[in-house]
Structures are given as C-alpha cells and as structure tokens.
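For reference, the structure discussed in these notes is given below.
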Amino acid sequence: MELTAYERETIINYNEAEQTASVYTHNRALRRTLDKLAQERPEDCRIDRVSHEGAAADYIVPKSWVKIRPPRIASEAQKAASRAAAAKAKLARTNTRHGDD
C-alpha cells in the first residue's frame with residue numbers, strides 16, 4: 001500500500017544517556033545520504049532496519065551529527081553587498097576569454 005506524503009515521515013530520536021541517535025526515514029534523498037555514510041563510515045553510521053518493503057529505513061548515527069541550523073538572516077546592506085559581488089563575479093566570467101593562452 002502506497003503511503004501518503006503526510007505518512008512518509010522522518011523521525012530523529014535520541015536520549016541524554018546514549019551517544020547515538022536513531023533516524024527513521026522515508027525520505028529518499030536522506031536515505032541515499034545515510035546509505036552512503038553507512039558504506040563510507042560504518043564505525044559511525046549503520047543501517048539498523050529496513051521496513052515498508054524497502055521504502056523506509058532506520059539508521060543509527062552519532063548524536064553529534066544531529067543539528068538544527070536556521071537560515072542566516074541578512075540585513076538589507078548584506079543582501080545588497082551579496083548582489084553586487086554576484087554581479088561582479090558574473091561580469092568577470094563574461095569578460096574572461098577561454099582558450100586564448
């Protein structure tokens with residue numbers, strides 16, 4: 001049975017006593033990332049269980065990997081400076097000749 005988008009959830013669970021967190025997810029992009037980490041760093045990340053006919057999985061990761069990073073709030077001056085830097089970089093790329101060395 002196909003789950004709705006609402007039902008395809010990601011749950012991160014940890015406690016104060018242990019150094020690991022469990023991540024249960026249906027999210028394909030997150031699963032690809034965690035699968036790759038499980039292959040590259042098996043001492044840090046491992047697949048605990050696959051469920052829902054392979055559509056979801058539980059992973060065990062270090063608790064220190066769990067972060068909440070809100071987006072930076074830029075002032076109008078910072079936004080203007082970023083726009084100017086981007087325009088300058090675009091102009092530099094446009095004016096650069098390739099293959100004429």
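The values are calculated or read from the model by the stated rules, or taken from the named source; none is laboratory data. Everything quoted here is computed from the prediction, not taken from an experiment. We place every Cβ from the backbone using ideal geometry, glycine too, and count neighbours over all the protein chains shown.
Yes or no: Gln78 more than 18 Å from the chain's Cα centre (by Cα), farther than 25 Å from Met1 by Cα and part of a helix (DSSP H, G or I)? Don't jump to the end; show me each part of the working.
Details: more than 18 Å from the chain's Cα centre (by Cα): yes; farther than 25 Å from Met1 by Cα: yes; part of a helix (DSSP H, G or I): yes.
Yes.
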ask   = Just a yes or no: is a residue in segment 57-73 farther than 30 Å from Asn13 by Cβ and either under 18 Å from the mean Cα position of the chain (by Cα) or hydroxyl-bearing (Ser, Thr, Tyr) (or both)?
value = no
task = With a cut-off of at least 2 residues that are at pLDDT 95 or above and not β-branched (Val, Ile, Thr), name the strands (runs of 3 or more DSSP E) lying wholly within segment 1-73.
result = 10-14, 20-25, 56-62
key: Complete set of residues in segment 44-88 that are without any contact (Cβ under 8 Å) to a residue 40 or more places away in the chain and in contact with a Leu (Cβ under 8 Å, 6 or more places away or on another chain)   = Asp44, Cys45, Ile47, Ala57, Tyr59
query = So how many residues does segment 6-39 have that are loosely packed, with under 14 Cβ neighbours inside 10 Å and under 17 Å from Ser64 (Cα atoms)?
reply = 7
task = Give me the pairs, please: first residue somewhere in segment 22-43 and over 10 Å from Ile11 (Cα atoms), second residue anywhere and at pLDDT 95 or above and not in a strand (DSSP E or B), beta-carbon distance under 8 Å, and either six or more positions apart or on two chains.
result = Leu34/Cys45; Leu37/Asp44; Leu37/Cys45; Ala38/Cys45
query = Of all the residues that make up segment 69-79, how many are surrounded by 10 or more Cβ atoms within 10 Å (Cβ to Cβ) and not small (Gly, Ala, Ser)?
reply = 2
request  = Select from segment 26-56 the residues that are polar (S, T, N, Q) and over 13 Å from the mean Cα position of the chain (by Cα) and list them in ascending order.
outcome  = Gln39, Ser51
ask   = Can you spot a residue in segment 80-96 that is surrounded by 11 or more Cβ atoms within 10 Å (Cβ to Cβ) and of a type in the set (Val, Ile, Thr)?
value = no
